[in-house]
1. How many of the residues in region 1-22 are surrounded by 12 or more Cβ atoms within 10 Å (Cβ to Cβ) and modelled with pLDDT of 95 or more?
2. Yes or no: region 89-99 includes at least one residue that is out of contact with any Gly (no Cβ under 6 Å at 6 or more places or on another chain), farther than 22 Å from ASP7 by Cβ, among the polar types (S, T, N, Q) and modelled with pLDDT of 95 or more.
3. Return the pairs, sorted by first residue and then second, in which the second residue is of a type in the set (D, E, K, R), the first residue lies in region 37-52 and is in contact (Cβ under 8 Å) with a residue 24 or more places away in the chain, the beta carbons are less than 7 Å apart, and the residues are 6+ apart or on different chains.
4. Only residues that are surrounded by 14 or more Cβ atoms within 10 Å (Cβ to Cβ) and on the phi > 0 side of the Ramachandran plot: list them for region 36-63, please.
5. Condition (residue is among the polar types (S, T, N, Q) and in a loop (DSSP other than H, G, I, E, B)) applied to region 46-55: is it met by at least one residue?
6. Does region 2-13 contain any residue that is of a type in the set (A, V, I, L, M, F, W, C), without any contact (Cβ under 8 Å) to a residue 40 or more places away in the chain and closer than 25 Å to LEU131 by Cα?
7. When you check THR42 against the structure, is it more than 15 Å from the chain's Cα centre (by Cα), modelled with pLDDT under 95 and among the β-branched types (Val, Ile, Thr), yes or no?
8. From the list VAL29, VAL9, exactly one residue is aliphatic (A, V, I, L, M) and within 10 Å of the chain's Cα centre (by Cα). Which is it?
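The values are calculated or read from the model by the stated rules, or taken from the named source; none is laboratory data. The structure presented is a predicted model; accordingly, all values stated were derived computationally and were not measured. All Cβ positions, glycine included, derive from the backbone under ideal geometry; neighbour counts span all protein chains shown.
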Amino acid sequence: MAATLIDTVAWVHIVDGRILCGRPRGKDVFFIPGGKREGAETDLQTLVREIREELTIELIPETVAPAGCYEAHAHGTGGPLVRMACYTADHRGELAASSEIDELAWFGYADRDLVPPVDQLLFDDLHAAGLLR
């Protein structure tokens, strides 16, 4: 039997060597902002909707660019596999946590253990590329 796959997209937003992460309401771990697609949404549609819902900003669709795709088991389980397609993009508006998000934080590489395994793979690549300090 094949493992369950959780298909997600994420917004990679780095400022001064630190990446934006959010802790969803009721969770004890931080995630790269983004989420799961609804129905037949494309990655772009999912990304724009999720970031609007979580961070109350608008991504500028024509600036969206791929930043890698990662797979790892879900946080705290040996179970479902999470696939996270990552994108960079410019945005309009002021970043603010929505009612879905309890806390926003800017993480450096030293904060790697505070994010789930799939996010840690992204942290490793960003650090190796000199983008995450």
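1. 13
2. Taking every residue of region 89-99 in turn, none turns out to be out of contact with any Gly (no Cβ under 6 Å at 6 or more places or on another chain), farther than 22 Å from ASP7 by Cβ, among the polar types (S, T, N, Q) and modelled with pLDDT of 95 or more.
3. ARG37/ASP7; THR46/ARG37
4. Listed by number, the list holds a single entry, THR56.
5. Within region 46-55 (the criterion being among the polar types (S, T, N, Q) and in a loop (DSSP other than H, G, I, E, B)), the answer is no, since none of the residues qualifies.
6. No: zero hits.
7. no
8. So the residue among VAL29, VAL9 that is aliphatic (A, V, I, L, M) and within 10 Å of the chain's Cα centre (by Cα) is VAL9.
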